[in-house]
Amino acid sequence: MEKEKSTRKFKGLELYDRQVEKDYFLLPFRFHRLTPEKEIIVNEVGDYLILPNGTFEKIVKRQIFKDSDEELYGDLLSNFFISEEKVSPLIDVLATRYRTKKSFLDDFTSLHIFVVSLRCEHTCHYCQVSRVTQDKGKYDMSIEHINKGIDLMMRSPNSHVTMEFQGGEALLAFENIVYAVERTKELAKVFNKKVTYVICTNLAVITEEILLYCKENDILISSSLDGPAFIHNENRKRPGRNSYELAIKGIELSRSILGKSRVSALMTTTNLSLEHPKEIVDEYYRLGFKSIFLRPISPYGFAVKNERKNKYETEKFIAFYKTALHHIIDYNLKGEFFSEDYASIILKKILTPFPVGYVDLNSPAGAINNVIVFNYEGSVYATDESRMLAEMNDFSFKLGHLDTHSYEDIFYGERAAWIAEASTNENLPGCSECAFQSYCGADPVHNLSTQGDISGYRPTSSFCQKNMEIIRYLIELMESDKRIRTVFESWIQ
Amino acid sequence: MLLKTKGVSINIEETLVGKVTRLPENLTSDSFLLVDDEIQAYPDKAHLGILSKQNDIYDLDNGSVVLKIPTLEHLTEGDIVSVGADGNIHTLYRVDSYHNTLLATERCNSNCLMCSQPPRDKNDVSFLYGIHKKLIPLIPKDCVELGISGGEPTLMGELFFDMLEKIKHELPDTEIHVLTNGRSFAWDHMAYRLSQVDNNRLMLGIPVYSDYYQVHDYIVQAKDAFYQTIAGLHNLARYNQRIEIRVVLHKLSIPRLVKLAKYIYKNLPFVEHVAFMGLEYVGYTPHNIDKLWIDPMDYNKELGEAVEFLANKGLHVSIYNSQLCVLPENLWQYARKSISDWKNSYMPECQSCSKLEDCGGLFTWNLKKHSEHIKPFTTNVLELSSGIE
Ligand code: SF4
Ligand code: SF4
């Protein structure tokens with residue numbers, strides 16, 4: 001008989017087993033009941049497994065065995081749920097992935113909102129802040145404050161910042177926008193910054209001349225569109241009841257000059273909107289938008305400290321959201337590409353290993369870390385909602401004033417520290433054990449304004465109610481229907 | 001394809017490396033004159049030696065000669081050969097091929113069940129590198145791609161980096177493709193040292209066969225291999241090295257193939273290319289065939305899902321060593337004609353196949369072990385008639 005060469009003495013699979021006495025160690029992960037039959041487990045970097053109910057308990061009780069549960073055991077091990085060593089041999093890989101997920105923090109504040117004017121020619125019934133007036137002196141941001149805001153923006157450690165002009169109606173102060181852009185362009189060269197410019201406008205007063213300036217300077221237009229005429233005009237009151245017509249004309253004009261991809265639209269959800277999910281979706285589709293943002297955070301219901309009312313309104317919003325989402329999915333199943341932005345943000349967090357820096361759904365929260373607001377009269381706020389809150393005389397999130405506070409006072413001051421403490425859902429009560437933690441975020445401003453406490457209280461939090469159900473629903477949808485999964489995958493490519 | 005021949009050597013003490021030419025006027029001090037059937041006059045130009053089919057010629061004083069070589073037909077003007085004291089003539093570099101490879105060492109720290117070039121445990125590093133040191137400067141500067149394989153090349157130690165630096169210096173425009181199991185790069189200093197070579201034309205092809213350590217370690221027959229390779233990949237990524245993942249398809253890698261694709265996307269999203277490769281029936285494979293064989297037709301579902309998952313995520317994906325008639329049409333766009341010319345063959349029935357031009361065919365050694373579903377495409381009659389309409 002031919003003697004086998006020593007190199008050919010191949011060994012069996014069992015010889016490569018590293019497990020000691022059928023024991024294993026748990027890595028950090030959390031679980032959630034997904035449906036009556038299924039539960040989900042999610043690890044620290046957002047990888048998940050969907051399992052039959054009761055599996056979580058078995059895992060924890062060390063009742064999963066390599067030989068009899070071969071596939072599940074391999075899944076748990078390779079997806080960083082368990083380890084055969086006290087310290088996983090790939091702990092550094094897990095650490096790198098965690099750092100990657102949180103790397104939206106690396107560069108610090110990017111979005112700098114300049115409220116250039118509080119004046120507006122609209123009187124939208126949900127708007128608490130704007131004023132119909134000619135008094136520029138009182139309600140426009142002064143050149144001095146614009147300068148100071150730009151100087152602070154140039155101090156951001158981020159090499160790529162976004163300068164967003166808001167109102168009121170920002171375009172009523174167009175000459176100040178031009179001034180701000182021109183000054184920023186010069187300073188950006190000195191400070192080596194890439195700047196993205198955005199003007200938020202209801203489009204009522206937009207002109208060709210304004211748009212040509214936008215084209216020349218690569219400025220994006222972010223407009224408002226609440227749905228078809230009967231909704232939009234009801235929500236957005238202005239003399240002549242022609243807000244919708246002006247918006248449509250404005251969108252067309254903007255697209256013709258800037259190109260389709262440079263013009264976006266945002267909707268605000270009102271009680272009237274809640275009755276018409278499909279009509280709103282259809283309107284966006286009809287106008288040739290490739291996506292719609294069904295914003296769960298909107299001034300509607302904002303700052304209402306009535307728990308029961310909040311819960312009810314949120315339920316209504318979730319029902320609205322689901323109907324609209326299905327309608328959007330149907331477009332996709334018919335072969336059209338049309339996505340929903342809030343779902344896309346959450347799906348990116350669930351399905352990719354990359355960071356998603358969306359300011360309203362981050363942990364640590366976007367406030368200060370990713371966004372800062374310079375108000376028309378020189379006050380500095382942590383978020384856009386913070387200045388709305390201030391209009392109702394709650395100045396909790398006022399970080400300082402451009403005239404009296406330095407960069408350090410504003411970004412690293414006591415107020416900032418106080419907000420930061422309630423900004424990570426990893427350490428918020430309720431969130432700290434929640435399976436959806438890495439897909440969700442923290443919103444201290446919302447907590448304070450709706451619950452009177454910056455840390456909030458999860459069982460009655462409308463932020464939690466909304467996100468928990470939307471996240472759960474998105475996962476349920478893609479796990480139960482392969483076609484929907486494919487649609488969702490196409491949204492995040 | 002013949003890559004090795006042997007004659008009777010005279011006046012050769014250490015291995016010589018040089019280009020070959022049949023034209024005496026082209027001789028230089030680092031080239032050999034090839035003498036086929038016609039006896040040639042002893043060249044007056046300086047040369048490295050003469051390789052001849054003749055029995056005896058010339059008044060030999062000190063010149064190096066190999067006589068009685070059975071054939072020289074396989075050598076083309078400009079090919080580079082090594083000529084040993086024992087009269088062995090190895091083709092090291094073929095000017096007409098895109099698939100030239102330097103064998104760094106036959107040693108390996110793994111012992112894969114399907115290794116196509118089974119490792120040998122002998123210290124060949126300094127001998128082989130001695131040859132490569134002479135070879136590298138002779139390689140034409142317009143060489144498009146050069147492979148480095150083993151064994152495990154990193155077992156050369158510092159000489160590995162020395163070799164890569166020499167290559168970068170001599171062949172700055174050549175794509176360098178190194179096949180390594182990546183385990184050595186679990187040592188951070190090895191990955192760092194590689195980055196010091198600073199060659200952005202250098203790409204490492206590293207195999208990962210499963211997302212589950214035990215299966216991978218079993219396939220490569222080495223404890224700790226999976227964790228070392230994954231740690232190595234992360235170290236390499238930290239130093240911005242270019243990486244290709246190579247997955248061999250067989251009965252042991254198929255069951256978790258889709259999970260492996262997801263693992264790659266989640267944990268190794270920085271890789272530049274993922275190649276799924278059909279099994280070669282050579283080396284250890286015939287010995288282990290019962291553990292490894294699955295008809296490629298029977299893994300199309302898993303392969304398709306893995307490939308499309310990664311491609312949809314924007315990764316560059318290829319399928320190697322597959323035949324079009326065995327692959328579903330939606331995957332053809334990923335199939336590459338990847339088999340090196342000298343190992344490439346087709347089945348007799350392929351001659352009548354209308355896709356012969358586009359198909360990568362088989363490894364010559366896979367003529368003995370191939371899918372049961374190889375079947376030539378005939379030009380579709382319906383397609384033709386509808387074209388006429
Ligand atoms: S807010 Fe709710 S859903 Fe979000 S992490 Fe906290 S507990 Fe989970
Ligand atoms: S018959 Fe031969 S040439 Fe044709 S597709 Fe199959 S393997 Fe390729």
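The values are calculated or read from the model by the stated rules, or taken from the named source; none is laboratory data. Because the structure is a prediction, the values reported are computed rather than measured. When we count neighbours, we look across all protein chains shown, and the Cβ atoms used for this are built from the backbone with ideal geometry, even at glycine.
Identify the residue in segment B:307-330 that is within 21 Å of B:Phe377 (Cβ to Cβ) and in a helix (DSSP H, G or I) and, among all such residues, is farthest from the other protein chains (Cβ to nearest Cβ).
B:Cys325
Considering only residues of segment B:1-16 that are among the hydrophobic types (A, V, I, L, M, F, W, C) and within 23 Å of the chain's Cα centre (by Cα), which is farthest from B:Gly84 (Cα to Cα)?
So the first thing to find is which residues in segment B:1-16 are among the hydrophobic types (A, V, I, L, M, F, W, C), and the list is B:1-3, B:8, B:10, B:12, B:16.
Applying the additional criterion that residues be within 23 Å of the chain's Cα centre (by Cα) yields B:1-3.
Numbers: B:Met1: 20, B:Leu2: 17, B:Leu3: 14 Å.
Across segment B:1-16, the extreme among qualifying residues is B:Met1.
Looking only at segment A:442-460, residues that are within 13 Å of ligand 1 (Cβ to nearest atom), part of a loop (DSSP other than H, G, I, E, B) and either touching a Pro at 6+ places or on another chain (Cβ under 8 Å) or farther than 18 Å from A:Ile372 by Cα (or both) come to 4 in all. In segment B:293-315, the condition of being more than 15 Å from ligand 2 (Cβ to nearest atom), out of contact with any strand residue (DSSP E or B) (no Cβ under 8 Å at 6 or more places or on another chain) and under 16 Å from B:Leu367 (Cα atoms) is met by at least one residue. Residues in segment B:250-270 that are farther than 18 Å from A:Gly74 by Cβ and in contact with a helix residue (DSSP H, G or I) (Cβ under 7 Å, 6 or more places away or on another chain): 1 in all. If I ask for residues that are under 20 Å from A:Gln63 (Cβ atoms) and among the hydrophobic types (A, V, I, L, M, F, W, C), which ones from segment A:14-52 would you list? Correct list: A:Val20, A:Phe25, A:Leu26, A:Leu27, A:Phe29, A:Phe31, A:Ile40, A:Ile41, A:Leu49, A:Ile50, A:Leu51. Of all the listed residues (B:Glu357, B:Glu305), the sole one being acidic (Asp, Glu) and either within 16 Å of ligand 1 (Cβ to nearest atom) or at pLDDT 95 or above (or both) is B:Glu305. Every condition in (1) closer than 30 Å to B:Leu3 by Cα; (2) crowded, with 16+ Cβ neighbours inside 10 Å is met by B:Asn300 except one, and the failing one is (1).
In the set B:Leu113, B:Leu51, B:Leu67, B:Leu72, which member is farther than 26 Å from B:Ile167 by Cβ, within 14 Å of another protein chain (Cβ to nearest Cβ) and hydrophobic (A, V, I, L, M, F, W, C)? Full working, then the answer.
Details: B:Leu51 fails: within 14 Å of another protein chain (Cβ to nearest Cβ); B:Leu67 fails: within 14 Å of another protein chain (Cβ to nearest Cβ); B:Leu72 fails: within 14 Å of another protein chain (Cβ to nearest Cβ).
Testing whether each residue is farther than 26 Å from B:Ile167 by Cβ, within 14 Å of another protein chain (Cβ to nearest Cβ) and hydrophobic (A, V, I, L, M, F, W, C) leaves just B:Leu113.
Every test in (1) within 28 Å of the chain's Cα centre (by Cα); (2) among the aromatic types (Phe, Trp, Tyr); (3) on the phi < 0 side of the Ramachandran plot is passed by A:Phe56 save one, and that test is (1).
Residues in segment B:323-365 that are closer than 21 Å to B:Gly283 by Cα, in contact with a Leu (Cβ under 8 Å, 6 or more places away or on another chain) and more than 8 Å from ligand 2 (Cβ to nearest atom): B:Ile339, B:Trp342, B:Asn344, B:Ser345. Of the helices (runs of 4 or more DSSP H) contained entirely in segment A:1-117, those carrying at least 1 residues that are polar (S, T, N, Q), more than 14 Å from chain B (Cβ to nearest Cβ) and within 27 Å of A:Cys431 (Cβ to Cβ) fall at A:55-60. Checked against (1) touching a helix residue (DSSP H, G or I) at 6+ places or on another chain (Cβ under 9 Å); (2) in a loop (DSSP other than H, G, I, E, B); (3) surrounded by 21 or more Cβ atoms within 10 Å (Cβ to Cβ), B:Tyr98 passes all but a single condition, namely (3).
Got at least one residue in segment B:102-112 being of a type in the set (Ser, Thr, Tyr) and touching a Gly at 6+ places or on another chain (Cβ under 7 Å)? Yes - at least one qualifying residue is present in segment B:102-112.
One line per residue, one yes/no per condition, for (1) surrounded by fewer than 16 Cβ atoms within 10 Å (Cβ to Cβ); (2) modelled with pLDDT under 95; (3) among the polar types (S, T, N, Q); (4) within 16 Å of ligand 2 (Cβ to nearest atom):
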{"position": "A:Ile419", "(1), (2), (3), (4)": "no, no, no, no"}
{"position": "A:Asn425", "(1), (2), (3), (4)": "no, no, yes, no"}
{"position": "A:Glu433", "(1), (2), (3), (4)": "yes, no, no, no"}
{"position": "A:Cys440", "(1), (2), (3), (4)": "no, no, no, no"}
{"position": "A:Phe463", "(1), (2), (3), (4)": "no, yes, no, no"}
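Of the residues making up segment A:202-218, those that are in contact (Cβ under 8 Å) with a residue 40 or more places away in the chain and either surrounded by 17 or more Cβ atoms within 10 Å (Cβ to Cβ) or not assigned by TED's automatic domain parsing to the domain that holds A:Ser159 (or both) are A:Asn202, A:Leu203, A:Ala204, A:Ile206, A:Leu211, A:Cys214.
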